[in-house]
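Everything on this sheet refers to the single structure shown next.
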Amino acid sequence: MKIKVELDKFHCKGCGACAEVAPDVFEMDETGDKANLLKDETTEQETVELSAAMCPTKCIEVTTEEEEK
Ligand code: SF4
């Protein structure tokens, strides 16, 4: 199942946790201060939800297709 991912860069404090847990979906930008979203849709629900849970500022939002309906 595909999920949608949103990243609120304004509130990201650059801890790097998301990029470590789900490197296919998140990367740190050149400065290392913010995360970048590599994909806004993915099937990697488990790792992305873990990233969202670990994010200290809760700036990662995950939406499943079921929730959208
Ligand atoms: S886990 Fe959250 S605060 Fe840390 S780099 Fe990722 S988006 Fe930013």
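The numbers here are math on the coordinates, done by the rules we state, and not lab data. Keep in mind the model is a prediction, meaning the values are calculated, not measured. No Cβ is skipped: glycine too gets one built from the backbone with ideal geometry, and neighbour counts run over all protein chains shown.
A few points about this structure:
- The stretch 1-46 - residue that is polar (S, T, N, Q) and within 14 Å of the ligand (Cβ to nearest atom) and, of those, nearest to ILE60 (Cα to Cα): ASN36
- Being in contact with a helix residue (DSSP H, G or I) (Cβ under 9 Å, 6 or more places away or on another chain) and at positive phi holds for only one residue in LYS34, LYS58, and it is LYS58.
- When residues of the stretch 49-69 are limited to those that are within 11 Å of the ligand (Cβ to nearest atom) and either part of a helix (DSSP H, G or I) or among the β-branched types (Val, Ile, Thr) (or both), the one farthest from LYS2 (Cα to Cα): THR57
- For the stretch 6-34, a tally of residues being in contact with a Lys or Arg (Cβ under 7 Å, 6 or more places away or on another chain) and not in a loop (DSSP other than H, G, I, E, B) returns 1.
- Among residues of the stretch 25-48 being in contact (Cβ under 8 Å) with a residue 24 or more places away in the chain and hydroxyl-bearing (Ser, Thr, Tyr), the one that is nearest to MET1 (Cα to Cα) is THR43.
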